[in-house]
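What follows draws every value from the coordinates through simple rules; no lab data is involved. Everything numeric in this text was worked out from a predicted model, so none of it was measured.
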Amino acid sequence: MSKYPDGRQFQEVMRLSKEKLQSQGQNHLRLENIGSVWLGFRLRSSKFPDGYTTVIYEKGAWIFHMLRYLFQDPITGSEVRFQNFLKELMESFAGRLLSTEDLRRFAEKHMPKAIDLEGNRTLDWFFEEWVYDSGIPTYRISYSIAPLKEGRCLVKGKILQEDVPESFAMPVEVFAHFPAEKVVKLGRVDVSGKETIFRFTLATKPQRISLDRNNQILCNNKTL
């Protein structure tokens with residue numbers, strides 16, 4: 001990202017990566033669903049000759065991309081915490097094999113309090129969803145905009161989560177779009193279960209509301 005400040009090349013790489021993960025192999029099974037990243041070489045089979053490389057390299061890249069997003073300061077956008085995590089990880093395991101549990105341990109050492117979704121100072125929820133299991137969530141957003149005093153407005157709505165277990169949880173960014181292509185991030189909503197409610201008060205009325213505009217999450221994103 002630092003090499004390409006506008007992020008266009010990076011976004012295109014991640015878009016193509018998502019397409020590969022969602023492509024179908026034999027029996028019309030999506031490649032991402034043949035097994036979890038944790039299985040490693042065991043993902044190889046005659047039925048899915050590209051399964052191993054697709055899941056390991058494509059989803060593996062998305063896992064680090066999502067950790068980068070989760071470690072990012074939601075207000076300032078600072079990535080210092082994620083950079084320190086990677087620096088310590090690489091220095092500690094230079095020339096050595098890195099296990100999944102090593103990765104989890106170092107990630108938990110640097111994780112911000114905001115992503116402690118279970119209140120136990122672990123990333124169990126993230127690793128269970130993205131590393132030890134398979135599945136790509138679909139998010140559908142519906143909302144209404146009601147006028148308030150002095151030109152302000154209330155945006156309230158719900159985010160529907162599909163194609164994953166009800167226990168699946170993920171912080172999802174919500175954005176407001178205004179004229180002249182102005183986009184404002186309203187905040188993160190911790191989505192879990194089938195339906196999550198959100199509400200924001202804005203100074204002016206937006207043209208529309210969207211989710212995950214910066215493609216930080218491996219998901220399918222739709223508006224009702």
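What to note about this one:
- Computed over all pairs of different Cα atoms, the Kirkwood value for the hydrodynamic radius of region 39-105 is 13.9 Å.
- Listed values (i) 1.10; (ii) 0.95; (iii) 1.05, entry calculated as Cα Rg over 2.2 N^0.38 Å: (i)
- Amide H partners (placed H, <5 Å) of residue 189, local residues excluded: 172, 173, 174
- Seen against the Cα atoms of the chain and their longest principal axis, helix 60-71 is set at about 40 degrees.
- Chain lengthening between residue 90 and residue 78 when straightened (0.36 nm per residue, less Cα-Cα): 2.3 nm
- Pairs exceeding a 32 Å alpha-carbon distance, out of 109/222; 59/222; 87/205; 109/205; 156/182: 109/222; 87/205; 109/205.
- Here the Kirkwood formula puts the hydrodynamic radius of region 81-200 at 17.1 Å, using every distinct Cα pair.
- Degrees separating the helix 100-110 axis from the principal Cα axis of the chain, which is the longest one: 40 degrees
- The fraction of Cα-Cα pairs per 10 angstrom bin, counted from 0 for region 138-223, comes to 17, 51, 26, 6, 0 percent, rounded to whole percents.
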